[in-house]
Every structure is written in C-alpha cells, then in structure tokens.
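Worksheet: the structure to be examined is printed underneath.
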Amino acid sequence: MKKCGRCGITKRGAEFNQDKYAKTGLRSQCKECMVKERVRLRDHYKAWRDTAERKAWYSSYRKEQYAKNKVKIDARNAARKLERTNCEACSNIDVHGHHDDYAKPLEVRWLCPKCHRDWHNENGSGLNG
C-alpha cells in the first residue's frame, strides 16, 4: 500500500507506475493522477500554442531563420533535384547529400548516414558552416 502524493489516497502498489530512481521503486503519483496531469498539460500547451502572440513569434522566428540560413536552404533544395549515387565511402545505397561548400549547391557528396557522421566527426561542420 502506498499513498499518492497528489490525491492523498492510499492505493495498492499496482496502481502506481514503476520508477527505478525512487526508494520504493514506484512513482509518487498514482496512474490515475498521472493521466489527469498529462491531459491538463496537453490542454494547457495546446491553448498556449494557439495564442496570437505565440503564432506571431513563431512566424517571425521562421522568417529570421530562413534569412539567416538562406544559402544552406537553397543548396539543399537544389540537391533534391540531383540524381543520387551510392555512398562515396562504402557504396551503401541509402545516402544523404553533403555540401562541402553551400555556395556551390550542385557540388554534392553522397554519403550514407554512418559515413556522413564519420566525415563530420573528422572534419567538423565543413566549409561555410
């Protein structure tokens, strides 16, 4: 038997979710209270996202990010139209486009996710970010 920290009702242990970090091995709130809290937070954040102020902020943020990264975005859009080849390093068919220089949008290196990650680990972010 355990007392819920939110509703204060003593309930069986099966009515609590497990928590490996708690002394008892169980959450402090019962499952029923956890569901109520999730619903409350979902509704709260949905209302917050739908406010005119939030929408205006997000719109200006998107415009700012587009202006800041216009060269990268244009290079990526140009690369989508190119024919993909196998990975340059390992010949894998699942590839990402990699730009060494975003100012040259049609110069793309085709690398699989693993080789692409390895390339960035060795070389950093590349020329021009």
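Tell me yes or no: at least one residue of segment 77-87 is touching a helix residue (DSSP H, G or I) at 6+ places or on another chain (Cβ under 6 Å) and surrounded by 10 or more Cβ atoms within 10 Å (Cβ to Cβ).
Yes, the conditions are met somewhere in segment 77-87.
Please work out if Val71 is surrounded by 10 or more Cβ atoms within 10 Å (Cβ to Cβ) and touching a residue at least 40 places away in the same chain (Cβ under 8 Å).
yes
When residues of segment 29-69 are filtered for being in contact with a helix residue (DSSP H, G or I) (Cβ under 7 Å, 6 or more places away or on another chain) and over 30 Å from Gly8 (Cβ atoms), how many remain?
Total satisfying the criteria: 2.
Is one or more of the residues making up segment 49-58 among the aromatic types (Phe, Trp, Tyr), surrounded by 11 or more Cβ atoms within 10 Å (Cβ to Cβ) and out of contact with any strand residue (DSSP E or B) (no Cβ under 9 Å at 6 or more places or on another chain)?
Checked segment 49-58: at least one residue is among the aromatic types (Phe, Trp, Tyr), surrounded by 11 or more Cβ atoms within 10 Å (Cβ to Cβ) and out of contact with any strand residue (DSSP E or B) (no Cβ under 9 Å at 6 or more places or on another chain).
Which condition number does Gln29 fail, the rest of (1) touching a Lys or Arg at 6+ places or on another chain (Cβ under 7 Å); (2) exposed (fewer than 10 other Cβ atoms within 10 Å of the Cβ) being met?
That leaves (2) as the condition not met.
Quick one: is Ala52 within 23 Å of the chain's Cα centre (by Cα) and either within 30 Å of Ala103 (Cβ to Cβ) or at pLDDT 95 or above (or both)?
no
Kindly state which helices (runs of 4 or more DSSP H) lie completely within segment 16-129 and contain at least 3 residues that are within 30 Å of Arg6 (Cβ to Cβ) and charged (D, E, K, R).
31-49
Just give me the residues in segment 63-95 being under 17 Å from Trp119 (Cβ atoms), of a type outside the set (D, E, K, R) and over 21 Å from the mean Cα position of the chain (by Cα), in sequence order.
Listed by number, the residues that qualify are Ala75, Ala79, Thr85, Asn86, Cys87, Ala89, Cys90, Ser91, Asn92.
The values are calculated or read from the model by the stated rules, or taken from the named source; none is laboratory data. Because the structure is predicted, anything quoted here is derived from the model rather than measured. Here Cβ is always computed from backbone atoms with ideal geometry, including for glycine, and neighbour counts include all displayed protein chains.
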